[in-house]
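The values are calculated or read from the model by the stated rules, or taken from the named source; none is laboratory data. What you see is a predicted model, and the numbers here were worked out from it, not measured in a lab. Neighbour counts run over all protein chains shown; Cβ positions are idealised from the backbone, glycine included.
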Amino acid sequence: MKRGLIFTYGVLSYAFFFITFLYAIGFVGNIGVPISIDSAKTMPLGKAILIDLALLTLFAVQHSGMARPAFKRWLTRFIPEAAERSTYVLLSTICMALLMFYWAPLGGVIWQAESSSLQTLLTTLYIASWGLLLYATFLINHFDLFGLRQVWFALRDKPLPELSFVTPALYRLVRHPIYVGWLGIFWFTPTMTITHLVFAAGTSAYIFIGIKLEESDLEKAHPEYSQYKRKVPALIPSFTKRLSRTPVSQPA
């Protein structure tokens, strides 16, 4: 694969991700998109549940499976190493797009915020969670996380420098601020429907499983991570239990 083609592939993969990312804000929040998580129910409950669970499983297996070091080593036998991360981003985005396009609403309201002030607060926290997620990616090198750094160095025909391990800002308070952002996105809603609850529960379960798998890989690759894990909590920020300087790695 030529360097220019690798670069174009990486940029297009990122562009597809970013467009899907923007749509996901409206999809989960039921904000200004034609198909959202709480669109009108269109099929029997049993069939809808099976479809939704299949979509969540597909996303979880792809997202976590392709992040494992063994899979990366296997994949780079067939594609250039510089394109590996972009391929991960592309397939993750495809799975996310499929989930949103084929999601089957279940109907039914579990609870709803009655006051306008509470509705505004929950919507604000929802939007802020997306902001936290994006901010946390930039703290650990957004462009490396989404494959652009790799294809840029490939275009210039230069070796990819290793990123140093640091604990910038939020990573001194909590090990996984990106996942904290995702949990806020899943659970902050003015109206909790059965549909939304299934989505939030399924994606949250994936996060907790993903943390275990990810941290197992990190501890094998970086002995320093064990100390970081002991000192900094995973998801609930702490202002007392923290490290000032210790290794941190970007999530899968």
Only one of these conditions is not met by GLY4: (1) under 30 Å from GLU162 (Cα atoms); (2) small (Gly, Ala, Ser); (3) surrounded by 15 or more Cβ atoms within 10 Å (Cβ to Cβ). Which number is it? (3)
Given (1) under 18 Å from the mean Cα position of the chain (by Cα); (2) over 29 Å from ASN30 (Cβ atoms); (3) assigned to a loop (DSSP other than H, G, I, E, B), number of the condition PHE143 does not satisfy: (3)
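Of ILE49, ILE19, ILE79, which residue is surrounded by fewer than 19 Cβ atoms within 10 Å (Cβ to Cβ), under 24 Å from ILE127 (Cα atoms) and out of contact with any strand residue (DSSP E or B) (no Cβ under 9 Å at 6 or more places or on another chain)?
ILE19
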I'd like to know if the range 151-171 contains one or more residues that are among the hydroxyl-bearing types (Ser, Thr, Tyr), out of contact with any Cys (no Cβ under 9 Å at 6 or more places or on another chain) and over 30 Å from PHE188 (Cα atoms). yes
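Give LEU98, LEU139 a once-over and let me know the one that is modelled with pLDDT of 95 or more and surrounded by fewer than 19 Cβ atoms within 10 Å (Cβ to Cβ). So that I can check it myself, show each step before the final result.
Details: LEU139 fails: modelled with pLDDT of 95 or more.
So the residue among LEU98, LEU139 that is modelled with pLDDT of 95 or more and surrounded by fewer than 19 Cβ atoms within 10 Å (Cβ to Cβ) is LEU98.
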Counting only helices (runs of 4 or more DSSP H) entirely within the range 158-252, those with at least 2 residues that are modelled with pLDDT of 80 or more, touching a Leu at 6+ places or on another chain (Cβ under 9 Å) and closer than 30 Å to GLU114 by Cα are 177-187, 194-221
Of all residues making up the range 24-50, the number that are farther than 27 Å from LEU133 by Cβ and either of a type outside the set (A, V, I, L, M, F, W, C) or in contact with a Phe, Trp or Tyr (Cβ under 8 Å, 6 or more places away or on another chain) (or both): 5
Any residue at all in the range 151-173 that's within 23 Å of ALA40 (Cα to Cα), among the hydroxyl-bearing types (Ser, Thr, Tyr) and surrounded by 15 or more Cβ atoms within 10 Å (Cβ to Cβ)? no
Among what's in the range 146-167 and is touching a residue at least 40 places away in the same chain (Cβ under 8 Å) and within 16 Å of THR76 (Cβ to Cβ), pick the residue that is nearest to the chain's Cα centre (by Cα). GLY147
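Each row is one residue, and each column tells you yes or no for (1) out of contact with any helix residue (DSSP H, G or I) (no Cβ under 7 Å at 6 or more places or on another chain); (2) under 21 Å from TRP182 (Cβ atoms).
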{"position": "ILE94", "(1), (2)": "yes, yes"}
{"position": "LEU99", "(1), (2)": "no, yes"}
{"position": "TYR102", "(1), (2)": "no, yes"}
{"position": "VAL109", "(1), (2)": "yes, no"}
{"position": "LEU118", "(1), (2)": "yes, no"}
{"position": "LEU121", "(1), (2)": "yes, yes"}
{"position": "THR137", "(1), (2)": "no, yes"}
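Could you list all residues from the range 16-41 that are closer than 18 Å to LEU106 by Cβ and among the aliphatic types (A, V, I, L, M)?
Correct list: VAL28, ILE35, ILE37, ALA40.
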